[in-house]
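The values are calculated or read from the model by the stated rules, or taken from the named source; none is laboratory data. All figures in this text were calculated on a predicted structure; none of them were measured in a lab. Cβ placement follows ideal geometry from the backbone for every residue including glycine, while neighbour counts extend to all protein chains displayed.
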Amino acid sequence: MTSGIRTVVFPVAGLGTRFLPATKAVPKEMLAVVDKPLIQYAVEEAVAAGAEKLVFVTGRTKNAIENHFDMAFELETELAARGKDDLLAQVEAIVPEHVSCLYVRQRKALGLGHAVLCARALVDDDYFGVILADDLIHNPASPALGQLAAVAAEREASVVSVQEVSREKTRHYGVVDTGGAEGPVQPVRGLVEKPDPADAPSNLAVVGRYVLSSRIFELLAETPPDHRGEIQLTDAMAALLEHQSMVTCRFEGKHFDAGNKLGFLQATVELGLEHAEIGPDFAAWLAQRKPARES
Ligand code: UTP
């Protein structure tokens, strides 16, 4: 396997119910943290890992995503006419020239596994990346998917990103079984989706970054829906373990679960504080801000 990941799949067809009504007409991946939508952070991470083909699995609100990564002729003409060269450069650089964007529709939100399966016809590499943009991982020096790609190339295996969570929280995540082994990269023995904490095989929770063997597609096609009618990626990955190896990657970086309101606000504060333009003013404002009950 060569290092670097050429194709990355972005499932963006979820219903985003935890963010309603904000997500009524736009996908949650278009919600902006400071000045960029979540999906743009994800695309930048993929391009930094070497991706040249970006496959978006879209749902009912697909136009917003397509428009964001398309040329905005009127806007760009207007910015040029007003001499706003910096902004024009930022808008033009959203997708580099050598990168292509492809779109496929998931007609019904039948789960993450089903969304990945929808990308099958557009993926022709042996290994491809998957990024869930609502899991924002901040590490400008070493973007997370690049870390996974390096592990995949070294181990010639599929890779799943994990982080430690409290045992109580395992019920909200896919959880990996490493047979008790710790350390940044460990062979995966099993995976379970949202286990009861008493049954969880570890406290290593799956975070939304994967490098997957294309063999996953035939396994996804055979994976039955769960009790909620959704096809789970975790189930197909567990089946993949019977044929090929898979390892964990405990990535370095700050992870925010931006698919819920609290995580989204935490990401906004952290990235706001680091923002070149507004960071210092925001920090000063936060420092002098009195809690409501004291004012
Ligand atoms: P979530 O589990 O966060 O579900 O999906 P959701 O529907 O987006 O959000 P809530 O729970 O209703 O608030 C995890 C990822 O999988 C994608 C989502 O877009 C998100 O990136 N997804 C999920 C799909 O693309 N299709 C699906 O059918 C389900």
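Restricting attention to helices (runs of 4 or more DSSP H) lying wholly within the range 1-84, give those where 2 or more residues are modelled with pLDDT of 95 or more and within 17 Å of ASP134 (Cα to Cα).
38-48
Which of the residues spanning the range 251-260 are more than 16 Å from the ligand (Cβ to nearest atom) and surrounded by fewer than 17 Cβ atoms within 10 Å (Cβ to Cβ)?
Hits for the range 251-260 are GLU252, LYS254.
Hey, any hits in the range 159-172 for a residue that's free of Cβ contacts under 8 Å to residues at least 40 places away in the same chain, more than 16 Å from the ligand (Cβ to nearest atom), of a type outside the set (Ser, Thr, Tyr) and surrounded by fewer than 21 Cβ atoms within 10 Å (Cβ to Cβ)?
yes
In the set ALA72, ALA81, ALA115, ALA119, which member is away from the ligand (no atom under 16 Å from the Cβ) and touching a residue at least 12 places away in the same chain (Cβ under 8 Å)?
Step by step, each of ALA72, ALA81, ALA115, ALA119 is checked, and only ALA72 is away from the ligand (no atom under 16 Å from the Cβ) and touching a residue at least 12 places away in the same chain (Cβ under 8 Å).
From the residues in the range 1-28 that are among the basic types (Lys, Arg) and within 8 Å of the ligand (Cβ to nearest atom), which one is surrounded by the most Cβ atoms within 10 Å (Cβ to Cβ)?
LYS28
Of ARG209, ARG289, ARG215, which residue is touching a Cys at 6+ places or on another chain (Cβ under 9 Å) and either at pLDDT below 95 or under 16 Å from VAL116 (Cβ atoms) (or both)?
ARG209
Among the candidates ALA150, ALA89, single out the residue that is of a type outside the set (Val, Ile, Thr), more than 16 Å from the ligand (Cβ to nearest atom) and surrounded by fewer than 16 Cβ atoms within 10 Å (Cβ to Cβ).
ALA89
Report whether or not GLY4 is in contact (Cβ under 8 Å) with a residue 12 or more places away in the chain and in contact with a Lys or Arg (Cβ under 9 Å, 6 or more places away or on another chain).
No; evaluated as a whole, the condition is false for this residue.
With respect to ASP135, is the statement that it is at negative phi, within 16 Å of the ligand (Cβ to nearest atom) and of a type in the set (Asp, Glu) true?
Taking the combined requirement at face value, the residue satisfies it.
Which pairs have Cβ atoms under 7 Å, sit 6 or more apart or on different chains, and link a residue in the range 127-143 that is under 11 Å from HIS255 (Cβ atoms) to one that is more than 16 Å from the ligand (Cβ to nearest atom) and not charged (D, E, K, R)?
ILE137/PHE251; ILE137/GLY253; HIS138/GLY253; HIS138/LEU271; ASN139/GLY253
Among the residues of the range 29-62 satisfying the criterion of being within 12 Å of the chain's Cα centre (by Cα) and near the ligand (Cβ under 10 Å from one of its atoms), which is nearest to LYS108 (Cα to Cα)?
PHE56
Taking the stated definitions as given, is GLY279 surrounded by 13 or more Cβ atoms within 10 Å (Cβ to Cβ), farther than 17 Å from LEU132 by Cα and not basic (Lys, Arg)?
When the stated conditions are applied, GLY279 passes them.
Please verify whether the range 11-22 includes one or more residues that are under 22 Å from ASP126 (Cβ atoms) and in contact (Cβ under 8 Å) with a residue 40 or more places away in the chain.
yes
If a residue must be touching a helix residue (DSSP H, G or I) at 6+ places or on another chain (Cβ under 7 Å), in a helix (DSSP H, G or I), within 27 Å of GLU222 (Cβ to Cβ) and among the aliphatic types (A, V, I, L, M), how many such residues does the range 112-144 contain?
Residues that pass the stated criteria total 3.
Between residues in the range 92-109 that are within 16 Å of the ligand (Cβ to nearest atom) and residues that are among the small types (Gly, Ala, Ser) and not in a loop (DSSP other than H, G, I, E, B), which pairs lie under 7 Å by C-beta distance while being six or more apart or on different chains?
Final answer for the pair search is GLN106/ALA115.
Specify the residue that is nearest to the ligand (Cβ to nearest atom); the eligible residues are those in the range 223-243 that are farther than 13 Å from SER213 by Cβ and of a type in the set (Asp, Glu).
Within the range 223-243, the match that is nearest to the ligand (Cβ to nearest atom) is GLU230.
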